[in-house]
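The values are calculated or read from the model by the stated rules, or taken from the named source; none is laboratory data. Computed from a predicted structure; not experimentally measured. Heads up, the Cβs are rebuilt from the backbone with ideal geometry, glycines too, and the neighbour counts pull from every protein chain shown.
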Amino acid sequence: MAHNHQHPQDIHILADGSEEHREPWVVTDNEVLATAHSGGVCVHEGARFELAGRGQLSGSLKLQSGSSARIVGQHSGSLHVASGSVADIVGSQSGSVHVERGGLVRVHPGGKMAGSLHVAGLIENRGSRAGSEHISGGTIQDLEGGSVKQPIRRGDRNYYSL
Ligand SMILES: [Zn+2]
């Protein structure tokens, strides 16, 4: 399969302190994660990834152009949404969110998104969100029912709790 992008390896520190390099999970069809998974996920064009209600993903989730993802469970890690791809957050997303121009993130009622937002595309929030905003040509829309939680400041750090 032709690739227009790299798959950087994740480094996992094992119990004995040694390092292991792992390739990301590459999704090229429709796949559902209903268990816990640690490591990066790359969703390719035309593919669809669903993190089911009991699913837990710890690692980056990258949507290539023309792909989609639905997060019903819990994702801890960065979310990258390329142009022409869509991420639906029904459950919980914690980690930085990067939306390229032409990319779309929809936070559904009951959905939660916490982490810094880097937005060149569009975020539609009908759930709740918290985190710093870095707008570079994009838009964040807080629609009906959508809320924005303010950070709790402790010492010199901001904490977000949804
Ligand atoms: Zn890939």
In the stretch 3-31, anything among the β-branched types (Val, Ile, Thr) and surrounded by 13 or more Cβ atoms within 10 Å (Cβ to Cβ) is listed as Val26, Val27, Thr28
Of all residues being touching a Gly at 6+ places or on another chain (Cβ under 8 Å) and either closer than 15 Å to Ile123 by Cβ or at pLDDT below 95 (or both) in the stretch 68-80, which is surrounded by the most Cβ atoms within 10 Å (Cβ to Cβ)? Just the residue, please. Ile71
Going through the stretch 25-63 one residue at a time, which ones are out of contact with any Ser or Thr (no Cβ under 9 Å at 6 or more places or on another chain) and of a type in the set (S, T, N, Q)? Thr28, Asn30, Thr35
Could you go through the stretch 21-30 and let me know if any residue there is touching a strand residue (DSSP E or B) at 6+ places or on another chain (Cβ under 7 Å), aliphatic (A, V, I, L, M), within 16 Å of the ligand (Cβ to nearest atom) and closer than 20 Å to Gly77 by Cα. yes
Members of the stretch 53-82 found to be within 15 Å of the ligand (Cβ to nearest atom) and in a loop (DSSP other than H, G, I, E, B), listed by number: Gly59, Ser60, Gln64, Ser65, Gly66, Ser67, Ser78, Ala82
Residue hits (the stretch 8-34; part of a loop (DSSP other than H, G, I, E, B) and either among the hydroxyl-bearing types (Ser, Thr, Tyr) or within 22 Å of Gln93 (Cβ to Cβ) (or both)) are Pro8, Ser18, Pro24, Thr28, Ala34
Test for His37: is it within 14 Å of the chain's Cα centre (by Cα) and either surrounded by fewer than 18 Cβ atoms within 10 Å (Cβ to Cβ) or part of a strand (DSSP E or B) (or both): no
If you check His44, His98, His118, which single one turns out to be free of Cβ contacts under 8 Å to residues at least 24 places away in the same chain, within 16 Å of the ligand (Cβ to nearest atom) and buried (at least 19 other Cβ atoms within 10 Å of the Cβ)? His98
In the stretch 31-41, residues that are small (Gly, Ala, Ser) and within 12 Å of the ligand (Cβ to nearest atom) total 1
Please tell me if Ser83 is of a type in the set (Ser, Thr, Tyr) and crowded, with 18+ Cβ neighbours inside 10 Å. no
